[in-house]
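The values are calculated or read from the model by the stated rules, or taken from the named source; none is laboratory data. Fair warning: this is a prediction, and the values are worked out from it, not measured in the lab. Here the Cβ positions follow ideal geometry from the backbone for every residue, glycine too, while neighbour counts run over all protein chains shown.
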Amino acid sequence: MSKKNLNRRRFLKTALAGSAAVAVGGQMSRALAVPSAPRVSGELGAPATGEPAVPLSLLGKTGERIPRLVLGTAMDFDMRLVKQAYEAGVTYFDTADCYGGGNSEITIGRFLERTGLRKKVWLTTKSDSHDAPGMLKRLQTSFGRLKTDHVDLLMLHNLSDLPSLNKVMKATADRLKKEGKIRFFGFSTHSPNVSEALAHAAKLGWIDVIMFKYNFRSYGDLELNKAIDAAKKANIGLIAMKTQGSAFSFQSKVDAFKAKGFTQHQAALKATWEDDRIDAAVSEMKNVQQLEQNVKAARDLTRLGSLQLRQLLQYAEATSDSYCQGCNHICSAALDRPAAIADTLRMLMYHDEYGELSRARRLYKELPEALRTFDGLDLDAASKACPHSLDVAGLVGRAKKVLG
Ligand code: SF4
């Protein structure tokens, strides 16, 4: 490790310790690689000429180099955005069978069919079904929508039931690889047991890639950091998602970012890339402006300075009581019956922080009614149980008002 990188690692340890957090345990020598196709000439949509596209990163044991910025497609988007992303060098498309009720896969499929670019993009889809027969059935549906006969990576979507990663699943993944239907296999997770899932996968030895919830607020999570270390040691490719951490008030609250010329969106992404254990970050980009911002951040290899890192950590600490960490098992345990508090607060974040009104309402309505009917529940008890001091009663009340 170079002296410069060593110093940086020391700084992170100091900065994080100073904010009552635990050090990021990852390597600080970022392994950015030489970009391959496509190359672009600067502005989005410009004809491919010679400038580097989005920098590439080695994705764990897959041995493949992928753009460190991945196009997330869980929200509404159209084919123009996919085209612009591709032309800008964001050649990794991440979708799932459930995104947009199947529309995400359909839109990407149309793009691939019309452009003939299937071989030039990395395509990941995910299965909402976590048992082997169900996953196989859904994969066939995905192939039909995506207009392809194979995907580069198949994931189990939002895995929390770790027993699903059993011998039958391994045999099924191996068979799909032999048949050429998938190249790699893994899972995504933003459930309460993210750390457990990473640590478990590290021991299994047959998981190629994990996409998991990770942002600047995760820096101080000791258990998660240990699990990331274990997954990295097992050479599992690691992709961060949910990178924004409800960071939409950065620009007004963290002046140091302005000085560096970052927007709040870029700062949150950069904070994720600051951890060199993370191979890439997936970002949902709903319009060309967001795409431009993200691509600019990905191409600019300037690292956050010590001032920015400190302010970021202070910001995380100061706003921890307004950001739901997704540990639903803790607050719902204080109630008489199960309730989807974390999911409800996530939809509220989409509504209030990200301005995604219709998506937030649609996702909220997709939650099982029994889990989003909070009538008669003692939500003050849930507030008291929350280790992050969230006002569960107040926030759920607001969610019901704006989303219901
Ligand atoms: S309200 Fe608190 S305990 Fe419940 S999921 Fe959110 S952060 Fe966790």
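Residues that are among the aliphatic types (A, V, I, L, M) and modelled with pLDDT under 85 were ranked within the stretch 310-337; the one that is nearest to the ligand (Cβ to nearest atom) is Ala316.
Scanning the stretch 348-382 for residues that are modelled with pLDDT of 90 or more and within 15 Å of the ligand (Cβ to nearest atom) yields Leu348, Leu367, Leu371, Arg372, Phe374, Leu377, Asp378, Leu379, Asp380, Ala381, Ala382. Would you say Tyr86 is surrounded by fewer than 24 Cβ atoms within 10 Å (Cβ to Cβ), closer than 18 Å to Ala280 by Cα and in contact with a Leu (Cβ under 7 Å, 6 or more places away or on another chain)? When the stated conditions are applied, Tyr86 passes them.
In summary, Ala96 fulfils each of the numbered conditions (1) buried (at least 18 other Cβ atoms within 10 Å of the Cβ); (2) within 23 Å of Tyr350 (Cα to Cα); (3) among the aliphatic types (A, V, I, L, M); (4) modelled with pLDDT under 95 with the single exception of condition (4).
If you check Leu154, Leu159, Leu198, Leu224 for being assigned to a strand (DSSP E or B) and under 17 Å from the mean Cα position of the chain (by Cα), only one passes: Leu154.
Does any residue of the stretch 360-383 turn out to be closer than 30 Å to Ala88 by Cβ, touching a Phe, Trp or Tyr at 6+ places or on another chain (Cβ under 6 Å) and not aromatic (Phe, Trp, Tyr)? Outline the logic, then answer.
Here is the first cut: in the stretch 360-383, the residues closer than 30 Å to Ala88 by Cβ are 360, 362-363.
When the remaining residues are screened for being touching a Phe, Trp or Tyr at 6+ places or on another chain (Cβ under 6 Å), the result is 360.
Within this subset, residues satisfying the condition of being not aromatic (Phe, Trp, Tyr) are 360.
So far as the stretch 360-383 goes, yes, one or more of its residues are closer than 30 Å to Ala88 by Cβ, touching a Phe, Trp or Tyr at 6+ places or on another chain (Cβ under 6 Å) and not aromatic (Phe, Trp, Tyr).
When only residues in the stretch 53-81 that are part of a helix (DSSP H, G or I) and touching a Lys or Arg at 6+ places or on another chain (Cβ under 9 Å) count, which is surrounded by the fewest Cβ atoms within 10 Å (Cβ to Cβ)? Here the answer is Met79.
Could you please find all residues in the stretch 358-375 being closer than 18 Å to Gly397 by Cβ and surrounded by fewer than 19 Cβ atoms within 10 Å (Cβ to Cβ)? Let's see the steps before the verdict.
As a first pass, look at the stretch 358-375 and keep what is closer than 18 Å to Gly397 by Cβ: 360-361, 364-365, 367, 369, 371-375.
Across the stretch 358-375, the qualifying residues are Arg361, Lys365, Leu367, Glu369, Leu371, Thr373, Asp375.
Check whether at least one residue in the stretch 158-172 is of a type in the set (Lys, Arg) and either surrounded by 22 or more Cβ atoms within 10 Å (Cβ to Cβ) or under 21 Å from Asn235 (Cα atoms) (or both), and report yes or no. Talk me through it step by step, then tell me what you get.
Quick first cut of the stretch 158-172, residues of a type in the set (Lys, Arg) only: 167, 170.
Applying the additional criterion that residues be either surrounded by 22 or more Cβ atoms within 10 Å (Cβ to Cβ) or under 21 Å from Asn235 (Cα atoms) (or both) yields 167, 170.
Yes; the residues of the stretch 158-172 include at least one that is of a type in the set (Lys, Arg) and either surrounded by 22 or more Cβ atoms within 10 Å (Cβ to Cβ) or under 21 Å from Asn235 (Cα atoms) (or both).
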